[in-house]
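What follows is one structure encoded as C-alpha cells, with my remarks underneath.
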Amino acid sequence: MITVLGAGAFGTALAISLARKGPVQLWTHDPDHAKAMQDTRRNDRRLPGVDLSENISISENIDTIPAQNPVLLAVPLQQLRGVLTERAATLRQHQLVACCKGMELGSGSGPVQLINSVVPDAVGAILTGPSFAADIARGLPTALTLACADEAASGTLQQALNTPNLRIYRTTDVIGAELGGALKNVMAIGCGAVIGAGLGDSARAALMTRGFAEMARMATALGAQPDTLSGLSGFGDLVLTCTSDQSRNYRFGASLGQKEWFDPTITVEGAATARAVCDRASALQVDMPITRAITALINGDLQVEQAMDMLLSRPLKEE
Ligand SMILES: NC(=O)C1=CN([C@@H]2O[C@H](COP(=O)(O)OP(=O)(O)OC[C@H]3O[C@@H](n4cnc5c(N)ncnc54)[C@H](O)[C@@H]3O)[C@@H](O)[C@H]2O)C=CC1
Ligand SMILES: O=C(CO)COP(=O)(O)O
C-alpha cells in the first residue's frame, strides 16, 4: 500500500498510476473534497475527466500509516512544513517522498531538507522530473527521478513507484534533484513572459540556455553534482515547462507578458521560489541576473521589455 498525502493534480495523478499496481490511500485535508471524490470517483476540482479506480481509497483522516508504506507528500512546497509538523507523529520512521518543487521562503530549504528538519527519523526522498499530472493520469509514458541519500531506500522506492507508464530513475544527489525542479519553474515563468510579450522563440531559447547556466551555477554553489542538472530533474523539466502551455508557471508568465489577470488560486510554485532563490543567491554571492529579472517582473517592479533590456545591456562576456 502506498499513501499519498495531498489530493491535488499531482497527488491524484500519481495515485491513479500507482493504483494500476496495487492499493493506494489518497488523503485530502478537506472533508468536502474527500466526500465529493468518494461520491463521484473523480477529482473534478484538480484533475477533471479521469476516473479513480477501486484500488484508491479516499480519506480526510489518516491517523496511522503502516511502517512499511511509502508516503508521497504532494502538497505545494510552501505548505509542506505545516503538513509535516501537523502529522509528524504519524510520519515518524516512514519513507517520505516529497512530490513538490520549490524552495521555502525564509529558510531557503528544499523539500527533503524540510522533511529532515521536521521529521528527522524519517527517510527523506524526492520524486521530480518532467511530468504533467494530466499525462500521468492518462497513462502516457513519463520518466521521473527519485533522489534519496539512503541508497538501500532509494532502490526500494524506485521499485515501489515504477509503473508500466512511469519509469523511475534513481540518484543519491538529493540537492541537485531538488534544485533542478525548483529553479526550472522560475525559468518557465520567464519563458512564458517572453512569449506572452511577443519577444519570440529565439529570445526564449536564449533565456532557457542562459537560465540553465544560472541553475547550474547555483546548484554547484550548494554542492550538487554537475551531471544531475543535465538530467530529468533539471534539463528535462526545464524543456517541458518552458515550452508547454500545460505548465501553470509558463501560463502565469504568459499572463505577465500579456499584462492579463491570472487566477491566484492556481498553484504557481515558481513565484515564491523565485524570491527565495534571490535571497539564497545574495547570501551565497551567486550571480543570478535572470532569476533577479524574473523576480522583479513577478513583484511588478519591472515590465518584460525592461527586464529584457536590462539583461541585454549587461557587460559582454565569454559564454
Ligand atoms: N500538476 C503537475 O503537473 C505537477 C505538479 N508537481 C508538483 O506537485 C506539487 C503539488 O502541485 P499540484 O498537485 O499540481 O497542485 P494543486 O494545486 O493541484 O493541488 C495542491 C493540493 O494541496 C492541497 N493543500 C494545500 N495546502 C494544504 C495543506 N496545508 N494541507 C494539506 N493539503 C494542502 C490542496 O488542497 C490541493 O489539493 C507542486 O509542488 C508541483 O510543483 C510536480 C509535477 C507535476
Ligand atoms: O512541474 C511540472 C511538470 O514537470 C508542472 O509544471 P507546472 O507546475 O508549471 O504546471
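Any read-out appearing in this document is the output of simple, stated calculations on the displayed coordinates, not a laboratory observation. What you are looking at is a predicted structure, and each value in this text was computed from that prediction instead of being measured. So basically every Cβ, Gly included, is an ideal-geometry build from the backbone, and we count neighbours across all protein chains shown.
For the chain, the longest principal axis of the Cα atoms and the long axis of helix 269-284 meet at an angle of about 60 degrees.
Kirkwood hydrodynamic radius for region 252-319: how many Å is it when counted over pairs of different Cα atoms? Over region 252-319, the inverse of the mean reciprocal pair distance is 13.2 Å.
No disulfide-compatible partner, judged by a Cβ distance under 4.7 Å, exists for the following cysteines of the chain: C99, C100, C148, C278.
Available extension along the chain between A134 and L312 is 60.4 nm, counting 0.36 nm per residue and deducting the alpha carbon span. Once a ≥ b ≥ c are taken as the square roots of the eigenvalues of the Cα gyration tensor of region 163-319, is the result rounded (a/c under 1.5), prolate (a/b larger than b/c) or oblate (a/b not larger than b/c)? Oblate, because a/c is 1.5 or more while a/b does not exceed b/c. Helix 248-258 and the longest principal axis of the C-alpha atoms of the chain enclose an angle of approximately 30°. Annotation for R210 and R20: the two label points, set 7 Å from Cα along the Cα-Cβ direction, are 4.2 nm apart. Each peptide in 268-276, 288-296, 151-159 gets a packing score, the mean of other Cβ atoms within 10 Å over its residues, and the list from highest to lowest is 268-276, 288-296, 151-159.
A full extension of the chain between R41 and R167 corresponds to an added length of 42.8 nm, given 0.36 nm per residue minus the alpha carbon distance. Cα convex hull, the chain: 125 Å³ per residue, rounded to a whole number.
Going 7 Å from the Cα of A283 toward and past its Cβ, which residues in region 193-225 have a backbone nitrogen under 20 Å from where you end up? Within reach of a label on A283: 215-225.
With the cut-off at 1.5 for a/c, could you classify region 49-88 from its C-alpha gyration tensor as rounded, prolate or oblate?
It comes out oblate by the Cα gyration axes.
Each peptide among 211-218, 73-80 gets the average number of other Cβ atoms lying within 10 Å of its residues, and from highest to lowest they stand as 73-80, 211-218. Annotation: amide H of L302 within the under-5 Å range of L297, sequence separation 5 or more or interchain, hydrogens built in the peptide plane. Here the simple spin-label model places points 7 Å from the Cα toward Cβ, and for D121 and L105 these points are separated by 3.4 nm. Bridges between two residues of the chain, per DSSP, are antiparallel at a rate of about 20%. Counted residue by residue at 0.36 nm each, then reduced by the alpha carbon distance between them, the extension gain from Q303 to D32 reaches 93.5 nm.
The angle between the Cα long axis of helix 201-221 and the main principal axis of the chain comes to about 70°, on a 0 to 90 degree scale.
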